[in-house]
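As structure tokens, the structure follows; a few thoughts come after it.
The values are calculated or read from the model by the stated rules, or taken from the named source; none is laboratory data. Because the structure is a prediction, the values reported are computed rather than measured. Cβ atoms come from the backbone with ideal geometry, glycine included; neighbour counts cover every protein chain shown. Just so you know, the surface numbers come from the protein's heavy atoms only, side chains and all, with ligands and any DNA or RNA stripped out. Shrake-Rupley method; radii C 1.70, N 1.55, O 1.52, S 1.80 Å.
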There are 4 protein chains.
Amino acid sequence: MAEHKLEQQWTPELLDFHKELGDKQMGPLWASVFSASEPRPRAVPYLWKKELILEMLEKAKELLQVGVGSIDRRAVYLINPGMKHLEPHGWGGATQTLYAAVQALNPGEIAPPHRHMTSALRFIMQGTGASGVVNGVKYNFEPGDYVITPEWCWHDHINEGEDTVFWMDCLDIPFTSALTSSFFEMYPETRQPVEFPEDYNTKRYAGGMVRPISDRKPSPAPLGRYKYDLTKQALEGQSEFAPDAGDGYAVEYINPSTGKDANRRIGARMQQLPPQFKGKAHRHTHSAVYNVYRGSGYTIMNGVRFDWKAGDIFALPAWTWHEHVNTSETEEAVLFSTNDLPIMELFDFEKEQAYPENDGHQEILS
Amino acid sequence: MAEHKLEQQWTPELLDFHKELGDKQMGPLWASVFSASEPRPRAVPYLWKKELILEMLEKAKELLQVGVGSIDRRAVYLINPGMKHLEPHGWGGATQTLYAAVQALNPGEIAPPHRHMTSALRFIMQGTGASGVVNGVKYNFEPGDYVITPEWCWHDHINEGEDTVFWMDCLDIPFTSALTSSFFEMYPETRQPVEFPEDYNTKRYAGGMVRPISDRKPSPAPLGRYKYDLTKQALEGQSEFAPDAGDGYAVEYINPSTGKDANRRIGARMQQLPPQFKGKAHRHTHSAVYNVYRGSGYTIMNGVRFDWKAGDIFALPAWTWHEHVNTSETEEAVLFSTNDLPIMELFDFEKEQAYPENDGHQEILS
Amino acid sequence: MAEHKLEQQWTPELLDFHKELGDKQMGPLWASVFSASEPRPRAVPYLWKKELILEMLEKAKELLQVGVGSIDRRAVYLINPGMKHLEPHGWGGATQTLYAAVQALNPGEIAPPHRHMTSALRFIMQGTGASGVVNGVKYNFEPGDYVITPEWCWHDHINEGEDTVFWMDCLDIPFTSALTSSFFEMYPETRQPVEFPEDYNTKRYAGGMVRPISDRKPSPAPLGRYKYDLTKQALEGQSEFAPDAGDGYAVEYINPSTGKDANRRIGARMQQLPPQFKGKAHRHTHSAVYNVYRGSGYTIMNGVRFDWKAGDIFALPAWTWHEHVNTSETEEAVLFSTNDLPIMELFDFEKEQAYPENDGHQEILS
Amino acid sequence: MAEHKLEQQWTPELLDFHKELGDKQMGPLWASVFSASEPRPRAVPYLWKKELILEMLEKAKELLQVGVGSIDRRAVYLINPGMKHLEPHGWGGATQTLYAAVQALNPGEIAPPHRHMTSALRFIMQGTGASGVVNGVKYNFEPGDYVITPEWCWHDHINEGEDTVFWMDCLDIPFTSALTSSFFEMYPETRQPVEFPEDYNTKRYAGGMVRPISDRKPSPAPLGRYKYDLTKQALEGQSEFAPDAGDGYAVEYINPSTGKDANRRIGARMQQLPPQFKGKAHRHTHSAVYNVYRGSGYTIMNGVRFDWKAGDIFALPAWTWHEHVNTSETEEAVLFSTNDLPIMELFDFEKEQAYPENDGHQEILS
Ligand SMILES: [Fe+2]
Ligand SMILES: [Fe+2]
Ligand SMILES: [Fe+2]
Ligand SMILES: [Fe+2]
Ligand SMILES: [Fe+2]
Ligand SMILES: [Fe+2]
Ligand SMILES: [Fe+2]
Ligand SMILES: [Fe+2]
């Protein structure tokens, strides 16, 4: 619907009054309720190229060493051009609620343990030999894996291999900042003890929609690491049928003890676009950060085309029209993404709309 | 604790009074509250041998034909000797709440569609070529598969193969009978239409603890059929670690859209006992029906030893001590079981107790 | 819909086979699935006259004394003529799931403390001076009050007044019996200590749909006693508007910490029928026991008219047509009732139907 | 615990690098993780005097008229000095998540209907004769009443009396802004139709912790208006017992159909401090806005004393020590407050701590 239009004129007298109110720590509601009929995100559609991110991490590698006595984490985070007002408290969200960063860990480095009320997840982009320990469980990192660190779990990372390992971290920092709910604690030692056999949880979930009976009681991370080969199997299974018009083939990671999102405050998905897939546009209240895992193509967001290939990361703000295209004639594109849908759903904020014109395709404005 | 003992004596005068009350559709509470301190199930531990069940089905095969105009289902159900009072309404429960039967479907037979408020599940015991349609989705049946038919879903079965196919049906008939909540309806046609590609749901769940994003909304049977090979993978994964003292390696089937039991009113598990496994005893409020899928061994229930091998079925009543033993030195034993745990949990009725004496092992009384 | 009719004939050969199955602890499903299309309760509509109940209690008073060393509770329970098969385990339910009794406590008597997994509620019918202690909170009993004893709470009763006090007890004994989930324990002393000021909870809920902030965390009985004068106020408030066609003015008691039924396993209502109210008929899956608190009238159940006046109790089985009539031209009728709706709802068993013919009124058959 | 200290020095080279990152829409995590060990709210403790607020509204009255064609609402909102960065999007929250304003409606004025996804509540401060319509139900406003407007409900206000009526509005605008989830719509007419008898819901909740049986199904506002006289009764009932050390006697408003907060996204309480009450300090993650309804006293927040009397409003930020004192020797103080506890609890963000030193009392620093 149309915007709400007020007929009252702002006379000089009124403008003076508004200023006086401001001086007294008050504000005039009547000058604020030209309420937008729908969400107007501050965040903007934006894409960060892999090359640029890696270049920055290369510099960081030269200048800084990970480990106690130097820095804890070598990660550059992505600042949405529309969210700069959040700094430094809100750490420049990639979207309204989501923080995203790329982290690099060199062979031999140890990122020491800590824990926080912000919730974290990692998507392994490149390199092998690294691993993370979350509350005593060691998870090996392999490309394409999705690994979670729910709130207030001790976590550290180590690289015992020979390559630098890169992953994307995603946390709900802008959200916890908005709620002023952040607690943080350093672990007293350089590493936490590993209390379970290696990849204990992953091995207990080797197949099937079944869970060990001891995981019947809800817990934050009965699985912890979602290996890429199993996720890929699921996508292949779906591929026997017609793709979804907007998202191709898409799965979301679940916590087997609750049936809810693997990380209860941050959603995560893996999505496969078949060769030449040309998705239809839609928009929704939730926002997302996409990490291109395989392939190349583009996404149109609010009329602007963003070309991507493996390693690029892009931000989809709330209530923004978007459609995905795989430009390859032979290869699938695989997109990992993370979102604030779990938060939106809790208070029934989530709404979705299909693009109503032009057979579901936006006009490209730039 | 000890039973509650009343010191009041039943004089002839009192006994007359009790009789008078009965004539007036009343009863004396004081004569009833010698309450047991803990549950005393009417159901008893019991085992039905595969040979006997198959022999009965063989007779049924000679005498009766499945299909419209004759009988709808060729199944013999198991009557716990302690539950005969339920007949005919409660259909002689295998335990307090669970109905169990073995069904045989011959090549070419069609068991016509109907639906009911009782909830059903099937465990495929033997034979290939049969399939079931549940609300428009066709599921092929293979040995070891677990297939669900939640309440009020249309379902029919067909055998398009060359063998007689046998499976165990389990329903919550005694429970729905106790609640007088049973509705039933025949489908107007001989078969219902198949509206999805064959094994549609099964293929969409080909691997990983992920779900198609369209299954985020809770629904009764987003998966429907749990293939044995995937369940077996899960059991093998667990087998790298130490077994549970009582249950060896055990998984339960879950509904990917809710994280709760695959069939929300009836629990189901698959459990693997390694060679020479000698479990410790425990008891719990929930009852169970076991179907031996592979291997041989015995279970001691309240001091009585019940020897079993593949194809046997046994009933574990509520609050009954039990311990499982795999007598093979080389082969695993694999037990499917179904239980009323979801019902027990809803009102916090579930309690569990480890056998406190003799290092967790019962003395065999008979 | 019509009943499901099987065309198979029971030949002598088949009847022999059925008998053989029975000998082997099995049964023929094909002979059982003449499934009723809708619930057929075993319980029947029935009414117990106040005079008869009081006469029985008068006899019990002569013959038995309440207190340690004699009997624990002087109560006669109501046995639905259709539920006699439950005895002695199921204590002859008033309906499928509900036990109901009338209890009399004489001046000076103490009914000693115990606790059980069955859940209890009391409706005070007549007399003052009695009280009950539930987990350390003492509640005074006054006519019209509704008092709860959730599962596993210690409870005892005492009469410190000068009249015999009568109340109805309602418990979910048939339900917990069906689930074999009953635990029971005697308190080691004659009385439990009173740990809170008298009527502590009742006073903390003196008005308004507000709760003490300490009751924000769900607990089984933050209120415990629902005083009649407040319930009456609520009914009067409603009475400014048009009555419900079937139930007149009706309220249900809620637990302020959960918003669910005061006793989570047994529902309870108070209902006011204005003078000359002539309700329309309906039926539902849940069953109920009515206790007439004030006034006189009748209820037609499945075509049979049951006349009632204050103090009478009647049973409404599951899925039974019923309509209430207040025959007084000047006085309201007030009916307390208790039901198994919370159980029905948990698994979505509840269904309701308005009587479709004759403007909603049954023909009286007897 | 102590803050996390990094030993890495910020060399000029590093500072250049940080700047380069900023130019590329990225940021250095290592320079941000000097994470605070606990929440550091941007909002500060602050108090707005009644006189000042009324003076501003008096001016607004002269300059602006409420009604279609002029302004929709005559309200001045309170801007926490620490939250000014939120403007204009976040409308200067009174705390991190809560918007608060005082609204004045003159005799004869009509504030036209609209609806929004932000959730609203009103606390009536002064004057009679005004009323509000929420989704077709008309609620009269009387001093001390608490009235809710859940999200997406049509609402308008009218003053049919002879006084200007003042109330506090509280909405979750900063929260919905942070989530970019705000939708807004004007009603096409000047007023919405009133579809229920006057104060329909209020009358249906005239007493007792009971609800009309038609409100068993959860709905957003079965009650809508919480009359002061009933709330006062509840506070008086509590007053027979010892007060809570920190909050005196306090109740929270509940939705009778859910048992949760009356407005599911914003909590509200009424609290009574007996004469000479001197509360102990505590802090919690949730923030609050207090509106002094009766009496006079002061609140110490993080060591600063804020004196208040009826009509004053003060903001309590997250994780801020606070203790309340009633300075009157004879009169009770009554404080209404509104909070973001429901949001905090949804993701288990709520923590609480008692002030550990000096017998629970802060030192006054200014
Ligand atoms: Fe971290
Ligand atoms: Fe999307
Ligand atoms: Fe069936
Ligand atoms: Fe067991
Ligand atoms: Fe009892
Ligand atoms: Fe009814
Ligand atoms: Fe509004
Ligand atoms: Fe507080």
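Among A:PHE336, A:PHE349, A:PHE241, the largest mean-square fluctuation in a Gaussian network model of chain A (Cα springs under 10 Å) belongs to A:PHE241. A straight line joining the Cα centroids of region C:79-142 and region A:162-233 runs 51 Å.
Cross-link pairs exceeding 29 Å between alpha carbons, from the set A:LYS232/B:LYS217; C:LYS227/C:LYS309; C:LYS227/D:LYS232; B:LYS49/B:LYS232; A:LYS84/D:LYS59: A:LYS84/D:LYS59.
Axis of helix B:50-63 versus longest Cα principal axis of chain B: the two differ by about 70°, to the nearest ten degrees. Rolling a 1.4 Å probe over the protein heavy atoms leaves A:LYS59 with an accessible area of roughly 70 Å². Taking 25 Å as R0, compute the FRET efficiency from the Cβ-Cβ separation of C:SER214 and D:ASP229 and round it to 0.05. After rounding to 0.05, the efficiency reads 0.60. Largest accessible area first, the residues B:ILE300, B:ILE364, B:ILE213 order themselves as B:ILE364, B:ILE213, B:ILE300 under a 1.4 Å probe with ligands, DNA and RNA left out. Site pair C:ARG191 and A:ALA36 shows an inter-label distance of 6.8 nm when each label is modelled 7 Å from Cα along Cα→Cβ. Phi angles of region D:103-108 translate, via the Karplus equation with coefficients 6.51, -1.76, 1.60 and θ = phi - 60°, into HN-Hα couplings of 10, 10, 10, 7, x, x Hz per residue; Gly and Pro are given as x. Taking all protein chains together and rolling a 1.4 Å probe, B:TYR200 ends up with roughly 50 Å² accessible. Phi-derived couplings, Karplus 6.51 cos²θ - 1.76 cosθ + 1.60 at θ = phi - 60°, listed residue by residue for region D:303-318: x, 10, 8, 10, 7, 9, 9, 3, x, 6, 10, 9, 9, 10, x, 4 Hz, with x used for Gly and Pro. Which value, in square angstrom to the nearest 100, describes the accessible area buried between chains C and B on both sides, using a 1.4 angstrom probe? Buried area between the two chains comes out at roughly 7900 Å². Based on Cα contacts under 8 Å between residues 6+ apart, region C:202-266 shows a relative contact order of 37 percent. Share of carbon and sulfur in the accessible area of the protein assembly as shown stands at 51%, probe radius 1.4 Å. Entry comment: accessible area of chain B is 35 Å² per residue, from protein heavy atoms only and a probe of 1.4 Å. Mean-square fluctuations from a GNM of chain C, with a 10 angstrom spring cutoff on Cα atoms, peak among C:PHE184, C:PHE17, C:PHE347 at C:PHE17.
Relative to the longest principal axis of the Cα atoms of chain A, helix A:228-238 runs at roughly 60 degrees. Relative to the other identical copies, D:GLU55 shows label-point distances of 5.8, 8.4, 10.2 nm, where the label point lies 7 Å from Cα along the Cβ direction and values run shortest first.
Ordered by 1.4 Å accessible area with all protein chains kept, B:SER366, B:SER37 run largest first as B:SER366, B:SER37. When chain D is treated as a GNM with alpha-carbon contacts under 10 Å, the residue of D:GLY311, D:GLY67, D:GLY248 showing the greatest mean-square fluctuation is D:GLY67. Residue-level result for chain D: its Cβ closest to the axis carrying D onto B, with that distance in Å, is D:PRO218, 8. For peptide D:72-81, the mean count of partner chain Cβ atoms within 10 Å of a residue's Cβ comes to 5. For the residues D:GLU20, D:GLU195, a 1.4 Å probe over the protein chains yields an accessible-area ranking, largest first, of D:GLU195, D:GLU20. Mean sequence separation of contacting Cα pairs (under 8 Å, at least six apart), scaled by the length of chain C, corresponds to a relative contact order of 15 percent. Plainly put, the tip 7 Å out from Cα toward Cβ on B:LYS217 is 1.8, 3.5, 3.8 nm from that tip on each other copy, the closest given first.
Charging the Cβ of each Asp and Glu at -1 and of each Lys and Arg at +1, and nothing else, the dipole of region D:120-237 about its Cα centre rounds to 560 debye.
Each other copy holds its own label point for D:GLY22; taking that point as 7 Å from Cα along Cα to Cβ, the gaps run 2.4, 9.0, 9.2 nm, nearest first. Legend: mean number of C-beta atoms from other chains within 10 angstrom of residue C-beta atoms, peptide B:251-263, equals 5. Placing dummy labels 7 Å off each Cα toward the beta-carbon, the span from C:VAL68 to C:GLU13 is 7.0 nm.
Taken residue by residue and averaged, Cβ atoms of other chains lying within 10 Å of the Cβ of B:168-181 number 6. Put a dot 7 Å past the Cα of C:GLU162, heading toward its Cβ, do the same for B:GLU350, and the two dots end up 5.6 nm apart. Comparing the full protein assembly with the isolated chain (1.4 Å probe, heavy atoms, ligands and nucleic acids excluded), the residues of region C:320-366 losing at least 30 square angstrom of accessible area are C:LEU346, C:PHE347, C:ASP348, C:PHE349, C:LYS351.
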